[in-house]
Amino acid sequence: MFTAKDVAELRARTGAGMMDCKKALTECNGDFEKATTWLREKGIAAASKKQGRIASEGVVGSYIHMGGKIGVLVEVNCETDFVARTDAFNALVKDIAMQIAAANPKYVSREEVPAEVLEKEKEILRAQAKNEGKPAAIIEKMVEGRVVKFYKDFCLLDQEFVKDPSKTVQALLTEATATIGEKISVRRFVRYEMGEGLEKRQDNLAEEVAKQMQ
């Protein structure tokens, strides 16, 4: 129906992500022109092109879980102060803060994961694969696959959005960029959990937050 070359060409023309281009071609039965239109109608192409722009405005949003057991501060950036004051942008910031409270990411993106942390994780995954009796020839492929799972667990942008697990947080930001019309990005966050690091009764606070979001 279509080839990897078609996906790459559509990506070059529209600036959309590889997976979005593949989905567009699938939806349009491989028709290149229809796929281009599909991406534009969804706002994905326009949103992707905005990623190179500078987003230096925004807000520092906060979320305190009921009872004060989890607190989050997150900086979300946009391009203008006007957008930073809109209800739509601030609702997005709140959703992201609640996501961090519920899913407990350690990093904003894959690029933030320290090399030594990633290598240590790979060593653990290699050991697990060997203990499972997997052939040496496929262990590295298994490790790479499990590293993707590591990213989904600990990198905010790779996580499933708690309110709608059919999309990632990155997809949420891409949609917001298309809707709002400005580049939207998460710069940094900090998450506090009451008694973190102290010996205490183990409650699933993240699960409580996730339920509250639904």
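The values are calculated or read from the model by the stated rules, or taken from the named source; none is laboratory data. Fair warning: this is a prediction, and the values are worked out from it, not measured in the lab. Note that we place each Cβ from the backbone using ideal geometry, even for glycine, and neighbour counts take in every protein chain shown.
If you go through the stretch 57-72 and keep only what is out of contact with any helix residue (DSSP H, G or I) (no Cβ under 6 Å at 6 or more places or on another chain) and not polar (S, T, N, Q), you end up with Val60, Ile64, Met66, Gly67, Gly68, Gly71. In the set (1) buried (at least 18 other Cβ atoms within 10 Å of the Cβ); (2) at pLDDT 90 or above, the condition left unmet by Arg110 is number (1). So for the stretch 97-107 (the condition being among the charged types (D, E, K, R) and assigned to a helix (DSSP H, G or I)), does at least one residue qualify? Checking the stretch 97-107: not a single residue is among the charged types (D, E, K, R) and assigned to a helix (DSSP H, G or I). Within the stretch 56-80, the set of residues being assigned to a strand (DSSP E or B) and either out of contact with any strand residue (DSSP E or B) (no Cβ under 6 Å at 6 or more places or on another chain) or of a type in the set (A, V, I, L, M) (or both) comprises Val59, Val60, Ile64, Ile70, Val72, Leu73, Val74, Val76. If the condition is being of a type in the set (A, V, I, L, M), surrounded by 14 or more Cβ atoms within 10 Å (Cβ to Cβ) and either closer than 20 Å to Val72 by Cβ or modelled with pLDDT under 80 (or both), then the stretch 175-205 contributes Ala176, Ile184, Val186, Met194, Leu205. Of all the residues in the stretch 156-197, those that are more than 16 Å from Val108 (Cα to Cα), free of Cβ contacts under 8 Å to residues at least 24 places away in the same chain and outside any loop (DSSP other than H, G, I, E, B) number 4. Taken together, Ala101, Ala137, Ala115 contain a single residue that is surrounded by 15 or more Cβ atoms within 10 Å (Cβ to Cβ) and either farther than 25 Å from Ala171 by Cβ or in the same structural domain as Val162 (by TED's automatic domain parsing) (or both), which is Ala101. Among the residues of the stretch 2-18, the one identified as modelled with pLDDT of 80 or more and either touching a Phe, Trp or Tyr at 6+ places or on another chain (Cβ under 6 Å) or within 25 Å of Ala176 (Cβ to Cβ) (or both) is Val7. Does Lys23 fit the bill of being at pLDDT below 65, surrounded by 12 or more Cβ atoms within 10 Å (Cβ to Cβ) and out of contact with any helix residue (DSSP H, G or I) (no Cβ under 7 Å at 6 or more places or on another chain)? No: the conditions fail for Lys23.
On the given criteria, is Asn77 at pLDDT below 95, assigned by TED's automatic domain parsing to the domain that holds Glu193 and out of contact with any helix residue (DSSP H, G or I) (no Cβ under 8 Å at 6 or more places or on another chain)? Answer is yes for this residue.
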